[in-house]
Structures are given as C-alpha cells and as structure tokens.
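First the structure, in the form of structure tokens, and then the observations on it.
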Amino acid sequence: MMRRWSGLALVIMIISGALAGLGSAVIQAQGDPDGVTDYQLNLRAGPGVDYAVLAVLPAGTGLVFEARSEDMAWLLGHTLDGTLRGWVAPLYLSYRDGFTGISLPVSADVIAAPPPQTVPGDGSAGAASPAPQVIPAGPVADMPLISVGTQSAIIFARGQRLGNNARVFTQIGECNTRSQAFMVPLGSGEADLGPYEDLQPTIDFFAMTPVGGAPNSFWYKGMAMTTGLTSLAAIDPAYADPSLCGVDQSLVACEYERVRPAIAFIHLGLYDVYWLIPGQYEYAMRQIIELSIQQGVIPVLTTFPTCGGDEANWPNEAVVRNTNREAFNTTLVNLARSYGVPLINLWRATQSLPNCGLLPGDYQHLSGEGDRALWASFNGAEQQYGFTAWNLLALQMLDALRIEALEG
C-alpha cells in the first residue's frame, strides 16, 4: 500500500537521518518499490533543480531509494530494473507502508548527464539551463486551443491540503496580462457570452470570492504582473517588494503565499526575447512550473502570438525576436506535456486573426484594448481581436478545470 509523505514525516526523517551512518547503495532489481511517482516527474543528475534532467519518469514509476540530500529535499534512487538512476523531489511521490528513509545515508552524488550531443546548444550564458526533457517536440500548431493536462486534479488536491482557495485564481505576466482588457470584463458583468452561455456557471463560480482587495479573481491584478516582466525576473527575489515578501522570496512565491490561489495563468515570453535566449527561458519557466506544483497551484501555460510573412522588411533584431518567440512557444508545449499541466494555445487561436491578434506594427501588444465593448463580446469579436480571443480561451480553460479538476 502506498501513502503520501506528510510534513511531519519529513521532519522526522531529517532528524533521524542525521543519526544514520554513511554508506553506498547497490543498484539491484527489486520486486517492491519504496515509492511510486504520482505523476510525470523529473529524474535529475543532482539534488537540485539546476541539475540536468536525465529522464522524465511516467506516473506510476516504482523507485528504490539509496540516499537523500542533507536537507531531505531530494532522494537518490533507481528504477526497479536498475536502468535509470537519479534524484527526485520527495513531495511528488507516494511511499510504501513502513518506509521512513531513516537509514538512508546523506549523499551529494552527481550522476553523469546524457552526452552533450543530445542537448541542443544555444550558447546560453548567465542562468543555468538544465537539459531539455527527452520528449518529442510536436509542432505548436498540432496542440489544441486548450488542454487541461493530466496532472491538474492531483495538483489541485495537493493545494487543498495546503489551504489554497478553490475559487481563487491569479495571473503572472507582463503588460498584456496587467491590462484591464484581460479578464476584468468577465467579472464585472460586461461579458456577452453569445453562443457560449454554458460558460456562465464558471463565471459565477469565481465571481463571488474577493481577492487582494478586488471583488473577485477576474478583477484582481496582483504583484506578479508588470510591464516588461520576464520569466527570470519573476523568479528573482530582487524584484519582489521586501515590505510585502519574505527574504529570498520571488514575485511568484510571494504571490502564491499572499493569495493562496488554486490556479495561475502564466503569460511570459513576449518580452523575454529582449533579454533572454531560449535556454534561459526554459530554465526560468521550469522553476515557475515546479514552484507552482510544489505549492499546489495549477499553472496554466499560454503560448503567445507570432506574426511573420513580411520579415524581409523587418529590422534584423525584430526577425531574431520573432524566431526566438517561436522557439519559446515550442518550449511551452514541451513543458506542458512533460509536466502534465494545462496549456492555452493562444498562438493557434490568433493565427487567423488580423495581424495575428497583435497591434499593427507593434508585435508586442494584443489587439482590441482600445474598445472596451469588445473585450468580452463573444459574438464574432473573438475572431477579430487578440484580447477577445484570449478572454474566451481563458474562460474556457477555467470552465474545463472547474469541471475536471476542481469539482471532478
């Protein structure tokens, strides 16, 4: 029988493990695992998120544990057949009855990463970039407009145990996210659902709970959204307000602690191309996703519009930015698949819109912001304006998550 690990059990393991002697584990086939992955989980080369991902373990993978990190934040183990060995985060596992890990020795072993040729080089400098997970990167065009993800219900259940509010969501992003054109009309009674009247129960579900001084989550604009916000800035404590956030607490971590949301819409990437290369973007987005999962917050990733066709007349830097944005979108698809989290494919929804749903000559801001009457009028405006299309997709995502994860 498998069970989840409690916070008290982790403390007991830390204290008791200090008494255990050091030793070396021998990899061998074993009939019964010490633990089983609750969902897709990274197997890393070392005890930390900065280490390379050696493999992605499917949900239900049995593991035999050999050692732990000194702070008990990571466990070293191997699969039952001994073919895979590496470090995993213990919070995302279920354990067999009787397993405590008290006798596990402390280790800092680093497992050999895959050969360099398996990792696409991007010449990144600065932030460390873990190796991409070995998962085929399907074209962004093949992804549906919304996908709920395989792990949303599990993440939500964890959040409920941690005290998150099922009727609260937040947003993380740059100026498009902060705009009053995004989400606000859905919670202010201004939405014209047209043929989408079946979405009204979801508006009602989230509309009655105040958050952060706002009437509801639709109105709420929190601290983790600001003009020009990048994914690296969102995880850097230097950008958080020390009067509101704890020491070494990032914008995202602070937002989650203050609001306790069940869901977070994450829209980062349009501005990242000015500062980051693809490897750095992937690194930062992984941190956001993993922090969200740890805190029991369902992270809703969002691709963003790119618009080509006239690149011959663009400045060279604009061509590079557009190319990087396409790479970032592919990264988002891969991350959504590998972590089993939701994805809004705004890129696909906006490809048929005028100027791909972006302001003409701008290529950074969604179209339609100047006409409030169209922000949440789903009688055809969603086929003309980027913000209207985004609002509809976000509401459909909330509806799917409410039915399949929150109330499922």
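The values are calculated or read from the model by the stated rules, or taken from the named source; none is laboratory data. Values in this document were obtained by computation on a predicted structure and should not be read as measured data. Quick reminder, even Gly has a Cβ in these numbers, built from the backbone with ideal geometry, and neighbours come from all protein chains shown.
Given (1) in a loop (DSSP other than H, G, I, E, B); (2) without any contact (Cβ under 8 Å) to a residue 24 or more places away in the chain; (3) surrounded by fewer than 16 Cβ atoms within 10 Å (Cβ to Cβ); (4) at negative phi, where does D248 come up short, assuming only one miss?
(4)
How many residues does the stretch 148-178 hold that are of a type in the set (G, A, S) and surrounded by 20 or more Cβ atoms within 10 Å (Cβ to Cβ)?
4
Just the residues that are under 25 Å from the mean Cα position of the chain (by Cα) and either assigned by TED's automatic domain parsing to the domain that holds E282 or of a type outside the set (A, V, I, L, M, F, W, C) (or both), please, taken from the stretch 47-68.
P47, G48, D50, Y51, P58, G60, T61, G62
Of the residues L22, L93, which is more than 25 Å from the chain's Cα centre (by Cα) and modelled with pLDDT under 80?
L22
Pick from the stretch 169-197 the residues that are without any contact (Cβ under 8 Å) to a residue 40 or more places away in the chain and not in a loop (DSSP other than H, G, I, E, B): which of them is nearest to the chain's Cα centre (by Cα)?
G187
Does the stretch 374-395 include one or more residues that are in contact (Cβ under 8 Å) with a residue 24 or more places away in the chain and within 17 Å of the chain's Cα centre (by Cα)?
Scanning the stretch 374-395, I find at least one residue that is in contact (Cβ under 8 Å) with a residue 24 or more places away in the chain and within 17 Å of the chain's Cα centre (by Cα), so the answer is yes.
From the residues in the stretch 193-239 that are of a type in the set (D, E, K, R) and touching a helix residue (DSSP H, G or I) at 6+ places or on another chain (Cβ under 9 Å), which one is farthest from Y283 (Cα to Cα)?
The extreme case among them is D198.
Pairs only if they're at least six apart or on different chains, beta carbon under 6 angstrom, first in the stretch 254-278 and more than 18 Å from V300 (Cβ to Cβ) and in the same structural domain as T303 (by TED's automatic domain parsing), second in a loop (DSSP other than H, G, I, E, B) and modelled with pLDDT under 90; list them, first residue then second.
Here the result reads Y271/G228; I277/D122; I277/S124; P278/D122, each pair linking the stretch 254-278 to a residue that is in a loop (DSSP other than H, G, I, E, B) and modelled with pLDDT under 90.
Determine whether the stretch 310-323 contains at least one residue that is at pLDDT below 95 and farther than 24 Å from H365 by Cβ.
no
Check E369, E407 and return the single one that is within 22 Å of the chain's Cα centre (by Cα) and not basic (K, R).
Going through E369, E407 in turn, just one is within 22 Å of the chain's Cα centre (by Cα) and not basic (K, R): E407.
Could you list, in sequence order, the residues of the stretch 211-221 that are crowded, with 22+ Cβ neighbours inside 10 Å and at pLDDT below 95?
Matches in the stretch 211-221: none.
Among the residues of the stretch 135-146, write down those that are crowded, with 20+ Cβ neighbours inside 10 Å and either assigned to a loop (DSSP other than H, G, I, E, B) or not β-branched (V, I, T) (or both).
Across the stretch 135-146, the qualifying residue is only M143.
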